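Reading through the structure tokens given below for one structure.
The values are calculated or read from the model by the stated rules, or taken from the named source; none is laboratory data. All values derive from a computational prediction rather than experimental measurement. Ligands, DNA and RNA are stripped out before the accessible areas are found, and what is left, the full protein with its side chains, is counted by its heavy atoms. Shrake-Rupley method; radii C 1.70, N 1.55, O 1.52, S 1.80 Å.
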Amino acid sequence: MNNDRLEALLWARIDGTIEPEELAELEAHLAEHPEPREIERQITTIAEELDRLEKVQPPPELRARIDGALANATAPTAHPAPTPHTQSAPAWQVRWLPLAASLLIGVTVGYLMHPELSGSIDQSRATGPMAASGSTPARSASLASSSARRFCSRLTCCTWNAANRHCKSLTRPNSRCRAGLRTL
Amino acid sequence: MARDDDAMLIESCLRGDRHAFDELVDRYEGPLFSAAYRITGSVEDAMDATQNAFVNAYEKLHTFDPTYRFFSWIYRIAVNESLSLVGRRKEQTELAEDTPAKGRGPAEIFDSTEARGHLKRALLELEPHYRTVIVLKHLEGFSYREIAELLEIPEKTVKSRLFTARQRLRVILTKRGFAP
């Protein structure tokens, strides 16, 4: 065993990365050859001394220097961080998703545009935004659900609060719904 | 836990809360300075490297990828700053000469044993990239993989570099008449 190999195995043993067969090889070599014991002792001592080196505490004035430098630094902008691990959608999704989305929208709009399909509206109970705005059933495409206080447009669905004239969106925020009870 | 906390602080900082970054400085000022000091061998350079690391990290915080540890990111910046400072410095300052006055920072913890003094001087004789892997391995206790990530070099290179660094360290100590 040459010295490079010996040193490599000695350090691997110290690091805990030595393989069992390498350890057996090293121990057999050290048992047969007493001379490398000196190298073993040196390496062990160096490793111990290196591990004993203390972490150095920063001088107290460093913090003030960092604070001063940060005060003059350019503030970071809130751009979204890069996401290198994201995977692109499979090809079939790219090809069929737009078509599927178009079909879904078409069917939904068609359904909402025909009261005979979407069901009648109980106008006597519709005291909310649609009633206030005088919207036609077709325009508002209201699908009064089981509760008369729930109204749906083609794009969103909200619950009307008569006390504060606020329409709380149930599906997704809709500024038209909140601000413009007139537009529903 | 610290990682989640870091993520929250970074988010706050990106929303405009500058003081959230102060918390990150509190957390990592010590480890960054310690590594920078061991790499540069100079208190003044280590302070510069640490300060630059925080300023660079702050200004580029929006480029930080939260899938990684913030500590690894800023630590890499500090190591690069330290190596850059060492490269710029023409003459390496002897550790003993740069020791601050008693009672100030590192002076208090400089060891007294002769062996450790020899070892520190021998460390400063190593080329910076060899010294850096020794610091990361022995002072910080990083694994080969972590060192590879920090220095952006292959793990195999870390192993060979560390082997050479340790070998040279032993040679320097033997030449100096200090056979441990």
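Values for this structure:
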| item | result |
| --- | --- |
| Accessible area buried at the A-B interface, both sides summed, 1.4 Å probe (Å², nearest 100) | 4700 Å² |
| J(HN,Hα) series, region A:14-20, from Karplus relation 6.51 cos²θ - 1.76 cosθ + 1.60, nearest Hz, glycine and proline x | 5, 6, x, 10, 6, 7, x |
| Surface per residue (accessible, 1.4 Å probe) for region B:136-180, Å² | 50 Å² |
